[in-house]
Amino acid sequence: MTMLENKIYEQFRSKFDREPLLINSPGRVNLMGDHTDYNDGFVLPAAIDKVIVLGIGGNKLGKIRAFSADMNESVVMDLNDLHKSDKHWANYIKGVAVELQKKKFKLKGFDVVFGGNIPIGAGLSSSAALEGALTVGLGKLFKLKLGRKEMARIGQLTEHNHVGVNCGIMDQFINLHGEPDKALKLDCRSLEYDLYPFHQEDTKIVLCNSRVSHNLADSEYNVRRSQCEKGVQHLKKYDPQIKNLRDVSMELLQEHKGEMDPVVFRRCKFVLEENERVHMGCEDLSKNDLSAFGRRMFESHEGLSKDYEVSCEELDILVELAKEQEGLIGCRMMGGGFGGCTINLVKESQVASFTDAVSKAYEQRTGIEAEIYVTRINGGAHIVES
Ligand code: GLA
C-alpha cells in the first residue's frame with residue numbers, strides 16, 4: 001500500500017471500526033484537444049500519478065456517511081431522501097448515488113472516507129477522480145453490472161445535474177480508462193479509443209499551476225458550449241447531416257464565414273483546428289516525434305487564448321515564460337481554462353532549471369507563487385488489492 005492508501009485505510013478503520021474496500025483514482029492531464037469533447041470531437045488525455053484514495057464499506061442504516069480527510073468534514077445523508085448539501089464535495093457523492101439510482105441500480109447504505117493529493121481547482125480533475133472512485137467502489141460493493149463507459153457517464157451526469165457544469169466526457173473517461181505510459185485518443189462520439197505510447201524517460205510532463213481559478217470558469221464554459229451549438233444551428237441549414245461541430249468541414253465553415261457572428265465563427269474554427277491537432281499529434285507520438293508534437297501544443301495554446309478565449313493573463317504569462325527556457329519542447333494551457341495549469345513537455349536534463357526559472361519569474365510578474373509538479377502517466381481508477 002502507498003502511504004496515502006494506508007492513511008485512508010486507517011482513518012476508515014478508526015471511524016467505522018471495520019476494514020474498507022480501497023480505490024485508487026487518478027487525476028488527469030490533457031496533451032491535446034481542449035473544448036473538443038462536448039463537440040463530439042477528439043481528445044488526448046492521460047491519467048497521472050496524483051490521486052484520490054477512497055475507502056468504502058456497506059452499512060445497514062440506509063444512510064451515506066462520508067468523511068473528507070482533507071477538509072476534515074463529515075456528512076450524513078439519507079439514501080432515500082438525498083438533497084443538495086452545503087458542502088461542495090458532498091454533492092459529488094450524492095450525485096453519483098442519485099444517478100446510479102435513476103438508472104435502477106440498487107444501493108444500500110454505505111460509508112466513505114476519502115482524501116488525496118490532486119490539487120483542487122488546478123484543472124487536474126479531482127472531481128472526476130472522486131466520481132470515478134465512488135462509482136468503482138459502489139460497483140464492487142453492491143455487485144452492480146456496470147461497465148467502465150457507463151461509469152464515466154454517471155460521473156458526467158453528476159457534474160451536469162448536481163454540480164452545474166455542463167462538461168464533456170473527457171475527464172471521467174480517462175479517469176476510468178487510463179494506462180501507464182500511454183496517452184489515450186478518445187473519439188467522444190463513439191467512445192472508441194486508441195492508446196499511443198508516451199516515452200517518459202527523456203521527457204517529463206511538468207505542470208505549472210497558476211494558482212488562480214477565476215470564478216467565471218463555469219459560466220464561461222457553458223457560454224462556449226452554446227456558442228458552438230449556435231454555429232451548428234447555422235451550418236446545419238447547408239447540410240442536414242450536421243449534428244455537431246464534428247461533422248463540419250473547414251471548407252464549409254469558411255464558405256459561410258460572412259453570414260456568421262464573428263465570435264461564433266472563431267469558436268467553431270478553433271474546434272475544427274484543435275480536432276485536427278489531435279489527429280496529427282497522435283501521428284507524431286507514433287513516430288516518437290515530440291518536437292512536432294510540441295509545436296502543435298504552442299498552436300493549441302494560441303487558439304485557446306485568441307480564438308476560443310478561455311485562457312487568462314496568468315496562463316498566458318506561464319506559457320510566455322516557459323517559452324524562454326531551454327529544454328522546453330511544447331506547452332499550452334490545459335482543461336477548461338480561466339486558471340489552473342499549463343502542461344509543459346520538458347527535457348529531463350533541464351527540468352530543475354526550468355522549474356526554478358519559471359517559478360521565480362512568475363512570482364515577479366504576478367506576485368503569485370506558482371506550484372510546479374513533475375508528473376508521470378499512470379493507470380486509471382482501480383481497486384487496491386490487499
Ligand atoms: C473541463 C471539462 C471537460 C473538457 C475540458 C476542456 O475539464 O470537464 O469535459 O471539456 O474542460 O477540454
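Provide the descending list of Cα extents for segment 59-141 along its principal axes, expressed in whole angstroms.
Projected onto the principal axes, the Cα atoms of segment 59-141 cover 34, 23, 21 Å.
Based on the alpha-carbon gyration tensor of segment 261-383 and its eigenvalue square roots a ≥ b ≥ c, which shape applies: rounded if a/c is under 1.5, prolate if not and a/b is larger than b/c, or oblate?
On the way: a/c = 1.63, a/b = 1.16, b/c = 1.41.
It is oblate, given that a/c is not under 1.5 and a/b is not larger than b/c.
Counting only pairs 8 or more residues apart or on different chains, how many lysine pairs in segment 1-89 have their Cα atoms under 22 Å apart?
7
Heavy atoms of the protein only, probe of 1.4 Å, neighbouring chains included. What is the accessible area of Val384 in Å², nearest 10?
Approximately 30 Å² for this residue.
Tell me the label-point distance for the pair Asn222, Thr366, using the 7 Å Cα-to-Cβ offset, in nm and rounded to one decimal.
Label at Asn222, label at Thr366, 2.6 nm between them.
Can you order the peptides 182-190, 25-33 by their average number of other Cβ atoms within 10 Å per residue, highest first?
So the order, starting with the most tightly packed, is 25-33, 182-190.
Relative to the Cα centre, what is the charge dipole magnitude of segment 37-117, using +1 at the beta carbon of each Lys and Arg, -1 at the beta carbon of each Asp and Glu, and rounding to the nearest 20 debye?
Details: 12 positive and 10 negative charges, 102 e Å.
Computed about the Cα centre, the dipole is about 500 debye.
Okay, helix-only estimate at 222 nm for the chain: each DSSP H run of n ≥ 4 adds -39500 (n - 2.57), divide by all residues, round to 500 deg cm²/dmol; what do you get?
Counting only the DSSP helices, I get -13000 deg cm²/dmol.
Which FRET efficiency value, to the nearest 0.05, do you get for His88 and Met280 by plugging their Cβ-Cβ distance into 1/(1 + (r/R0)^6) with R0 = 56 Å? Spell out each step's value before the answer.
Values: r = 39 Å, r/R0 = 0.69.
It comes to 0.90.
Classify segment 23-68 from the C-alpha gyration tensor, please: rounded if a/c falls under 1.5, else prolate or oblate depending on whether a/b exceeds b/c.
Because a/c hits 1.5 or more and a/b exceeds b/c, segment 23-68 counts as prolate.
Heavy atoms only, 1.4 Å probe, whole protein assembly: order Tyr373, Tyr362 by accessible area, highest first.
From most exposed to least exposed: Tyr373, Tyr362.
Could you tell me the largest-minus-smallest coordinate of the C-alpha atoms of segment 151-297 on each of the three principal axes, in descending order and whole angstroms?
So the three principal-axis extents are 50, 38, 31 Å.
Where does the chain land on Rg/Rh, using Cα atoms and the Kirkwood Rh?
Rg divided by Rh gives 0.98.
Sticking with the crude label model, points 7 Å out along Cα→Cβ, report the distance from Asn161 to Asp202 in nm, one decimal please.
It is 5.0 nm.
Along the charge dipole of the chain, pointing to its positive end and built from +1/-1 on Cβ of Lys, Arg, Asp and Glu, which listed residue (Ile154, Ser291, Gly139) has its Cα farthest out?
My answer, from the dipole projection, is Gly139.
If I model a spin label as a point 7 Å beyond the Cα along the Cα-Cβ vector, how far apart are those points for Asp78 and Met1 in nm?
Here the modelled spin labels are 3.4 nm apart.
Taking the Cα atoms of segment 197-253, what is the range of coordinates along each of the three principal axes, in descending order and whole Å?
Reported extents, whole Å, longest axis first: 48, 35, 15.
So which lysines can Lys185 reach, going by Cα to Cα under 18 Å and dropping same-chain residues fewer than 8 places off?
Cα-Cα hits under 18 Å: Lys149, Lys287.
Convert each backbone phi in segment 298-315 into a coupling constant with the Karplus relation 6.51 cos²θ - 1.76 cosθ + 1.60 (shift: θ = phi - 60°), then list the ³J(HN,Hα) values in order as whole Hz, x for Gly and Pro.
My calculation for segment 298-315 gives 4, 5, 4, 4, 4, x, 5, 7, 8, 8, 8, 6, 10, 8, 7, 4, 4, 5 Hz in order.
Hey, what does the equivalent ellipsoid look like for segment 97-219, semi-axes from the Cα gyration tensor as sqrt of 5 times each eigenvalue, largest first, whole Å?
Equivalent ellipsoid of segment 97-219: 26, 19, 15 Å, largest first.
Kindly provide the Kirkwood hydrodynamic radius of segment 100-145 in Å, to one decimal, from all pairs of distinct alpha carbon atoms.
By the Kirkwood definition, the hydrodynamic radius is 12.1 Å.
Please work out the C-alpha center-to-center distance from segment 285-322 to segment 1-52 and express it in whole Å.
Value for the Cα centre distance between the two parts: 26 Å.
Can you work out the FRET efficiency for the pair Met71 and Ser349, with r the C-beta to C-beta distance and R0 = 41 Å, to the nearest 0.05?
0.55
Can you give me the Rg/Rh ratio for segment 1-100, using Cα atoms for both radii and the Kirkwood formula for Rh?
Answer for segment 1-100: 1.04.
The values are calculated or read from the model by the stated rules, or taken from the named source; none is laboratory data. Quick caveat, the model's predicted, so the values are computed rather than measured. So basically every Cβ, Gly included, is an ideal-geometry build from the backbone, and we count neighbours across all protein chains shown. Accessible surface is based on the protein model in full, side chains and every heavy atom, while ligands, DNA and RNA are left aside. Shrake-Rupley method; radii C 1.70, N 1.55, O 1.52, S 1.80 Å.
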